[in-house]
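> Here you go, one structure.
The values are calculated or read from the model by the stated rules, or taken from the named source; none is laboratory data. Source: prediction; values computed, not measured. Every residue, glycine as well, gets a Cβ built from its backbone with ideal geometry; the counts of neighbours run over all protein chains shown. Heavy atoms of the whole protein, side chains included, go into the accessibility calculation; ligands, DNA and RNA do not. Shrake-Rupley method; radii C 1.70, N 1.55, O 1.52, S 1.80 Å.
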Amino acid sequence: MNELVGKPVDRVDGRLKVTGTANYSAEYYPKNVAYGVIVESTIAKGRIKNIDITTAGKAPGVINIMTYKNSMNLHFPQSSDPGGGKYAEKDLLPLQNDRIFYGGQAIAVVIAETFEQAEQAAMLVTADYEKDKPVFDLEKNVEKAYKPVAGLGGSQIQMTRGNTEAALQNASVKLEETYTTPVYHHNAMEPHATTAEWNGDQLMIYDATQSVMGSKNLMAAMLGVEPEKVRLVALFIGGGFGSKGFSWPNTVLTAMAAKLVNRPVKLVLKRQQMFTNAGRRTQTIQKISLGTDNTGKLNAIKHATTSESSFVDEFVEPAGVATAMLYSCANADINHSLVRLNKGTPCPTRAPGEAPGTYAIEAAMDELAYKLNMDPIQLRLVNYNEKDEQKNQQFSSKNLKECYQRGADAIGWAQRNPKPGSIREGNYLVGYGMATATYPANRSASTAKAVLFPDGHAEILCGTQDIGTGTYTIMTQVAADALGLPIEKVKVKLGDSSYPKGANSGGSQVSASVGPAIRAAALGAKSKLVKMAIADAGSPLHGQKEETIIADNGQLHLINQPDKGETYSAILNRHGLDKIEVLATTNVSTRQQQEANPAAKTGAEAQAAQESKSNPAVQEDEHTDRKPYSFHSFGAQFVKLRVDAQLGTVHIDKIVSVMDVGKVMNLKTAKNQIMGGAIFGIGMALMEETAYDPNDGRVVTRDLAQYLVPVHADMPEFDIQFIDKPDTIISPIGARGIGEIGITGITAAIVNAIYHATGKRVRNLPVTPDKLL
């Protein structure tokens, strides 16, 4: 049987999506459902003196209006990790008091018979405020910056090695520049949406989340109910990009509203509310200092990032973390500072840290190359490292040199004139740029269940989620290969907290985390079937050794005698079984600061742990020594573009992305992910920017008419390539995550190409036409 993993298999959920039969969280309609609409604050700091709901309460269809005066009391959650459930603003539980910390903060929820009635009534709610003076400008408040101890999940963000200051002073060639990025918003196609229904003390939630298990546990903790009494479902998610990795007010407010009116309630954020109530990427100010000898060998790197967080939580954009490991350099100083502002809390946004961070360091490396009169690729090769010098660990796998070579060949790098402003095509200035891409290869513990049925089909259950990236498809490929079944005979079920616990969709970890668990469960089910056949005197495989038997197309047969065997159905039917089930937990984490699932197991988790002790696939995986290794993916981004010499407009002709991400699970969905990341990079480089009113700090660009994102007319030719060498150290399936690396490096490659085309270096994103004229 031909292996399915790696093939460009069509999405198994594709027909459901294009026919409108894939239900998203806003598309569940419990009987007697009511509709909620959030009312937002109109000031950025202060207190509510009075909230007037009298007129709104009399509006047609209004059932009730929930404010801090009549809402249920919430409990402060203990978890700060998205996998365990992370509330986005830990010090601001919604509708618990009268304090206002940012413009757009939720101050009420109107609940009505229809969405239109709720929306109309929400406009009638008014509030009087006791205003305080807000702080909302990062650059004007840099002197208030402090250095946070750690990043998300306790990650290290303040790093040093060697003596950077002394090395900079003694460097033959120095570069010191500051690069800035604005606030960006996620703008997933699907807005945040929740439907909640109470049945006594049992709570059913349909939610748009990147963490089915984490969100379920978080809601239980905040609402003060036992976790087993909460079920959360997210079968399909229309993109998240990090925004749905944390839980925002809409989810818990929907459950609170449903409790208040004793009816199911649906609450969907408007696009404008996505700019105030669902996170963002923070603004950054990044100061890069580089020192080299005359050959270009780095002897000092300093990357100092100042970003902002809110007054109600602390989120650090770890822009310098990639710089700490990307190039060989004996002396490095990576530090991060935060300024508290009266804005909504930032959160992970596709490749948090690495996306803005690789822009800054890779733009600086390009500037350094020109200063040294050196090819930008050659500068990177001179400083190529074979190990993570910050951790003093070997990379589990690295093929970056091949990425450089293949990307350069594909873009025609050697044929370009390296002098800035030297290439013209009519009225256009032509430029070429490149940059390195990188992202950590993460993995965490996951559990899966494999079930084989007498009719020859199998089901795989795992409480992870597909956020639109193709997880349903690649996990079906993994399971089908392990079970020896055609793909149409395997159904993977995800997105339900009643399933065994899977990884959250964050840090590009689902493939590397869930894939091994599904593979182990499937292999365990197949092994169980083989043992039944071997022990069965009525089977043609009776008395054979397990290692001599293989599975192919729903049959077991001898390796050397394909005609000697029988179908799965025959074995199960002869034994009178309606199914066989196997649970498998792969208890592995690549995050050094976290243990893999250290807590004591109970119930299904305990059963999975017990079964896994006798599962050879689990044991081999868990006993792989990963301590000597640093896990990262790498890539090279190349861009060819044209700049209109009179208008300053930029048109990207071609993007070449060559990625070293371990084993490619599905060529079609993998290309889709890298292309999507590159499109994000186009937006970061050329157009995306959230603007705030300088008078009151409220968001001005609150919809997709004013917040510009790339559209079809902006698309270049894409050439996406993969090294496709399995990383067998991170997992038996050899795959590293692919969801975020595509956005790293690409913004710098575009900016570097603009410099090559025009001779103008723009260090404050986005590069808009006015900055090139």
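> Arranged from highest to lowest average of other beta-carbon atoms within 10 Å per residue, in what order do the peptides 301-313, 150-162 appear?
Working: 301-313: 23.0, 150-162: 17.2.
Result, highest mean first: 301-313, 150-162.
> What is the spread of the Cα atoms of the chain along each of their three principal axes, largest first, in whole Å?
82, 72, 50
> So, one more: Accessible area per residue of the chain at 1.4 Å probe, in Å²? It would help to have the intermediate numbers written out before the result.
Working: 29000 Å² over 773 residues.
Ligands and nucleic acids excluded, the figure is 38 Å² per residue.
> Right, something else. What trypsin sites (Lys or Arg not before Pro) does the range 1-32 have in DSSP loop regions with at most 16 other beta carbons within 10 Å? Let's see the in-between values first.
On the way: sites: Arg11, Arg15, Lys17, Lys31; in loops: Arg11, Lys31.
For trypsin sites (Lys or Arg not before Pro) across the range 1-32 that sit outside H, G, I, E and B with at most 16 neighbouring Cβ atoms in 10 Å, the list reads Lys31.
> How far apart, in nm, are the 7 Å Cα→Cβ label points at Glu547 and Lys49?
Here the modelled spin labels are 8.3 nm apart.
> I need the GluC sites (Glu not before Pro) found in the range 670-754, filtered to DSSP loop residues with at most 10 other beta carbons within 10 Å of theirs. Mind dumping the intermediate values first?
Details: sites: Glu688, Glu689, Glu717, Glu740; in loops: Glu688, Glu689, Glu740.
Counting only loop positions with at most 10 other Cβ atoms within 10 Å, none of the GluC sites (Glu not before Pro) in the range 670-754 qualifies.
> Between Asp455 and Thr567, with labels modelled 7 Å along Cα→Cβ, what's the label distance in nm to one decimal, could you check?
1.2
> Can you compute 3J(HN,Hα) from phi for each residue in the range 138-149, using the Karplus curve 6.51 cos²θ - 1.76 cosθ + 1.60 with θ = phi - 60°, rounded to whole Hz and x for Gly and Pro?
So the J values, rounded to whole Hz, are 4, 5, 7, 10, 4, 5, 8, 5, 9, 9, x, 6.
> Could you give the length gained on full extension between Lys58 and Leu708, defined as 0.36 nm per residue of separation minus the Cα-Cα distance, in nm?
On the way: separation 650, 0.36 × 650 = 234.00 nm, distance 3.91 nm.
230.1 nm is the gain from fully extending Lys58 to Leu708.
> To continue, here is another question. Modelling each spin label as a point 7 Å along the Cα-to-Cβ direction, I'd like the Ser498/Asn335 distance in nm, to one decimal.
5.4
> Roll a 1.4 angstrom probe over the protein heavy atoms and tell me the percent of accessible area of the chain that is carbon or sulfur. Each step should come with its number before you reach the end.
Numbers: 14130 of 29000 Å².
The value for the chain is 49 percent carbon and sulfur by accessible area.
> Next question, about the same structure. Any idea what the dipole of the chain comes to, in debye rounded to 20, about its Cα centre with Lys/Arg Cβ at +1 and Asp/Glu Cβ at -1?
Details: 80 positive and 81 negative charges, 91 e Å.
For the chain, the charge dipole is close to 440 debye.
> Cα centroid distance between the range 653-693 and the range 603-621, in Å?
That distance is 37 Å.
> Further question: To the nearest 20 debye, what charge dipole does the range 237-390 have about its Cα centre, counting +1 at the Cβ of each Lys and Arg and -1 at the Cβ of each Asp and Glu? Don't jump to the answer; show the numbers that get you there.
Working: 17 positive and 14 negative charges, 241 e Å.
Its charge dipole is roughly 1160 debye.
> In whole Å, how far is the Cα centre of the range 325-350 from that of the range 478-512?
What the calculation gives is 33 Å, centre to centre.
> Can you work out the FRET efficiency for the pair Met123 and Leu773, with r the C-beta to C-beta distance and R0 = 35 Å, to the nearest 0.05? Let's see the in-between values first.
Details: r = 42 Å, r/R0 = 1.21.
The pair Met123/Leu773 has a calculated efficiency of 0.25.
> Follow-up question, since we're still on this one. By Kyte-Doolittle mean hydropathy of at least 0.5 and Cα axial length of at least 20 Å, which whole DSSP H helices of the chain are selected?
On the way: long enough: 354-371 (24 Å, -0.22); 510-535 (37 Å, 0.94); 667-686 (28 Å, 0.80).
The qualifying helices are 510-535, 667-686.
> Moving to a separate point now. Out of residues 5 or more away from Ser337 or on other chains, whose amide H comes under 5 Å of its own, with H placed 1.01 Å from N in the peptide plane?
Long-range HN contacts for Ser337: Thr305, Thr306, Ser307.
> Taking every pair of Cα atoms in the range 529-584, average 1/r, invert it to obtain the Kirkwood radius, and report Rg/Rh to two decimals. Each step should come with its number before you reach the end.
Working: Rg = 10.8 Å, Rh = 11.4 Å.
Result: Rg/Rh = 0.95.
> With charges only on Cβ, +1 for K and R and -1 for D and E, what is the dipole size of the range 113-218 about its Cα centre, in debye, rounded to 20? Mind dumping the intermediate values first?
Working: 8 positive and 16 negative charges, 164 e Å.
For the range 113-218, the charge dipole is close to 780 debye.
> Which of the GluC sites (Glu not before Pro) found in the range 35-121 are in a DSSP loop and have at most 16 neighbouring Cβ atoms, other than their own, within 10 Å?
Passing both the DSSP loop test and the Cβ count: Glu113.
> Could I ask something else about it? Considering Cα pairs under 8 angstrom that are at least six residues apart, work out the relative contact order of the chain and quote it in whole percent. Walk me through the numbers on the way to the answer.
Numbers: 1983 pairs, mean separation 125.0, N = 773.
Relative contact order for the chain comes out at 16 percent.
> So if R0 is 45 Å, what FRET efficiency would Gln607 and Ser328 give, r being the distance between their Cβ atoms, rounded to the nearest 0.05?
In this case the efficiency is close to 0.40.
> On to the next question. Report, by chain and number, residues whose modeled amide H sits under 5 Å from the one on Asn64, excluding near sequence neighbours (fewer than 5 apart, same chain).
For Asn64, the qualifying residues are Ile111.
> If you don't mind, there's one more thing I want to ask. Go ahead and estimate [θ] at 222 nm for the chain from helices alone: -39,500 (n - 2.57) per DSSP H run with n ≥ 4, summed, over the residue count, rounded to 500. Could the numbers behind the result be given before it?
Details: 17 runs with 186 residues, N = 773.
My calculation for the chain gives -7500 deg cm²/dmol from helical runs alone.
> Also, I was wondering about something else. Note down the accessible area of Asp132, probe 1.4 Å, to the nearest 10 Å².
Surface accessible to solvent at Asp132 totals approximately 80 Å².
> May I pose another question? Counting alpha carbon pairs within less than 8 Å and at least 6 residues apart, what relative contact order, in whole percent, applies to the range 242-318? Spell out each step's value before the answer.
On the way: 66 pairs, mean separation 16.9, N = 77.
Answer for the range 242-318 is 22 percent.
> Could you tell me how far the Cα centroid of the range 97-167 sits from the Cα centroid of the range 1-79, in Å?
The range 1-79 and the range 97-167 have Cα centres separated by 20 Å.
> OK, next. For the chain, with the dipole built from +1 on Lys and Arg beta-carbon atoms and -1 on Asp and Glu ones, taken about the Cα centre, which of His185, Pro516, Leu269 lies farthest toward the positive end?
His185
> Okay, next question. As an exercise, use a Förster radius of 56 Å and the Cβ-Cβ distance of Glu139 and Asn199 to find the FRET efficiency, rounded to the nearest 0.05. Display every interim value, and only then the final one.
On the way: r = 52 Å, r/R0 = 0.92.
Rounded to the nearest 0.05, the efficiency is 0.60.
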